[in-house]
Amino acid sequence: VDGKIYGIPTLNVSYVSLGLLIRTDWLEKVGKSMPTTLDEFADVLKAFKEQDPGGNGKNNIPFTMDSVGLADNVMGAFGIYGQWNDKDGQLVNVSNDPALKDYAEYMRSLYQQGLLDPEFATNKSATSAEKFTSGRAGVLLTRWSSIPGYEEALKKNVPDAKYEYIPPMTGP
């Protein structure tokens, strides 16, 4: 503007390139706090399933995502940070990381308990987003850059909806 460059300060959002967006109004309805550990996350998802804060009955989906299958927030709790990690001085691809098995077991347990969308493996990004913006899902794995597109749909479908990203969680 007028030959000058201006910036708008903001909090650092570098940890949310792909993260877990959670309905904080659902957290309030089930009397839970923002999860900080994997155990707390599973507990929140159980509350979402059992207490039905979205009013969807059996159609309630505690946690949905698309077929990408790798949730950064959850992987980080197992010591997996990105596609390549330093393991004892060796650069190891995520697919060969020994902790990937533990991550897969955790995600499998969520699936078996009915806490992870049974259609996650075949969901397209638009499908999982629709489940969240229609008010049927409590947690969505998504990119921060997609939020403006969700905002309008969510506010239209669930005017009082509130949401934010789950900060990185701790685990084993």
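The values are calculated or read from the model by the stated rules, or taken from the named source; none is laboratory data. Computed from a prediction, not measured in an experiment: that's the story for all the values here. All Cβ positions, even for glycine, are placed from backbone atoms using ideal geometry, and neighbour counts span all protein chains on display. Protein only, heavy atoms only, side chains kept; ligands, DNA and RNA dropped before computing areas. Shrake-Rupley method; radii C 1.70, N 1.55, O 1.52, S 1.80 Å.
Which length gain, in nm to one decimal place, applies between ALA104 and VAL1 when the Cα-Cα distance is subtracted from 0.36 nm times their residue separation?
Using 0.36 nm per residue and subtracting the Cα-Cα distance, I get 32.1 nm.
With an 8 Å cut-off on Cα pairs and a minimum separation of 6 or more residues, tell me the relative contact order of the range 82-172 in percent.
Rounded, it is 14 percent for the range 82-172.
Enter the per residue convex hull volume of the chain, computed from alpha-carbon coordinates, in Å³ rounded to the nearest integer.
150
Answer with one residue from LEU91, ALA121, PRO168: the one whose Cα lies farthest towards the positive end of the charge dipole of the chain, charges on Cβ with Lys, Arg +1 and Asp, Glu -1.
ALA121
Give me the percent relative contact order of the chain, please, defined on Cα pairs under 8 angstrom at least 6 residues apart.
40
Among GLU152, GLU40, GLU130, whose mean-square fluctuation peaks in a Gaussian network model of the chain (Cα, cutoff 10 Å)?
GLU152
How large is the dipole of the chain about the Cα centre if only Lys and Arg carry +1 and Asp and Glu carry -1, each at its Cβ, rounded to the nearest 20 debye?
It works out to roughly 380 debye.
Under a 5 Å amide H to amide H cut-off, with H placed in plane at 1.01 Å, what residues pair with LEU116 once short-range neighbours are removed?
TYR111
If you roll a 1.4 Å probe over the heavy atoms of the protein chains, what accessible area per residue do you get for the chain, in Å²?
Spelled out: the 1.4 Å probe surface of the chain, per residue, equals 57 Å².
Which order do ASP86, ASP66 take by accessible area at a 1.4 Å probe, largest first?
Heavy-atom accessible area, descending, gives ASP86, ASP66.
Within the set of other residues whose C-beta is less than 12 Å from the C-beta of VAL44, count the net charge using Lys and Arg as +1 and Asp and Glu as -1.
That sum, taken over residues with Cβ under 12 Å, equals 0.
Accessible surface of ARG143 in the full protein assembly, 1.4 angstrom probe, to the nearest 10 Å²?
Ignoring ligands and nucleic acids, ARG143 comes out at about 120 Å².
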